[in-house]
Amino acid sequence: MSISPEKVFEVAALGLGGNIGDPPAAMAEALRQLDRRDDCRVAAVSKLYSTPPWGKTDQADFFNCCALVETSLEPEALLDVCLSIERGMKRVRLERWGPRTIDIDVLTYGTREQKTEKLEVPHPRMTERGFVMKPLADIAPDLPVKGRKVRDWLEEADIGGIKVAGDQDWWRAR
């Protein structure tokens, strides 16, 4: 009888958002789908935020949150799971920074830094985005990203127009 090695779990930070249909319901469902998996466990979820659009500003406001997920998946496999959840919710990628039902980004994966054709962690533009740094600071203010803590990046981020839209249990109630 051989003993199978225990799965090693790493903590990944995810950013979720959307502005078509009922994004909070879609994001809550995505989090529940991740949490039901054997290879993922939702460890923490930020407050829900209403945020002005970024990049392409002639569209409806977004809802955004961040989550910490304990996972035994490698970073690209975690991204594949997130993309599969998006597809299952009818996410269509028509234009960069455009309207969407749901978006799930892998922001960080432990302390790993990697850049492949498919995935870059830490996410290359996360520190520039108030709609990422504000919710991430709720659940991981001391998380190091690109040599600085999330709380320090947040001090420089544009958080104008970002409003709390739900407490940290918002995703369980939907």
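Throughout, read-outs are computed from the coordinates displayed, never taken from laboratory work. A quick note: this is a predicted structure, and the numbers were derived from the prediction, not measured. All Cβ positions, glycine included, derive from the backbone under ideal geometry; neighbour counts span all protein chains shown.
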Check your understanding: Can you give the angle from 0 to 90° between the axis of helix 130-139 and the longest principal axis of the chain, with both taken from C-alpha atoms, to the nearest 10?
Key -> 50
Review point. Gaussian network model of the chain, Cα springs within a sub-10 Å range: biggest mean-square fluctuation belongs to which of 35, 58, 103?
Key: 58
**Study point:** Computed lengthening from residue 87 to residue 168, 0.36 nm per intervening residue step minus Cα-Cα distance
**Key:** 26.6 nm
Check your understanding: When the chain is treated as a GNM, springs tying every alpha-carbon pair under 10 Å, which of 147, 21, 130 comes out with the largest mean-square fluctuation?
Key -> 147
Practice item. Would you list, by chain and number, the lysines whose Cα falls below 27 Å from the Cα of residue 56, excluding same-chain residues fewer than 8 positions away? Key: 47, 90, 115, 118, 134, 146, 163
Practice item. Return one number: the angle in degrees, 0 to 90 and rounded to the nearest 10, between the long axis of the Cα atoms of helix 23-36 and the longest principal axis of the Cα atoms of the chain. Key: 10
Practice item. Please find the FRET efficiency linking residue 125 to residue 9, where r is the Cβ-Cβ separation and R0 is fixed at 41 Å, and quote it to the nearest 0.05. Key: 0.95
Point to revise | Relative contact order (%) - criterion: Cα under 8 Å, at least six apart; region: the chain | key: 31
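At a Förster radius of 25 Å, what calculated FRET efficiency corresponds to the Cβ-Cβ distance of residue 113 and residue 159, to the nearest 0.05?
The formula returns an efficiency of 0.45 here.
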Exercise for review: Relative to the longest principal axis of the C-alpha atoms of the chain, give the angle of the C-alpha long axis of helix 75-88, reported between 0 and 90° and rounded to the nearest 10°.
Suggested key: 60
Study note, to complete from the structure: Simple SL model, points at 7 angstrom along Cα→Cβ for residue 151 and residue 57; separation in nm is 3.1
Revision key, fill the gap. Under the Karplus relation with 6.51, -1.76 and 1.60 and θ = phi - 60°, whole-Hz ³J(HN,Hα) for the range 100-108, x at Gly and Pro, equal 7, 6, 7, 9, 10, 10, 7, 8, 9
**Study point:** Net lengthening on full extension, residue 22/residue 37 (0.36 nm per residue, minus Cα-Cα)
**Key:** 3.1 nm
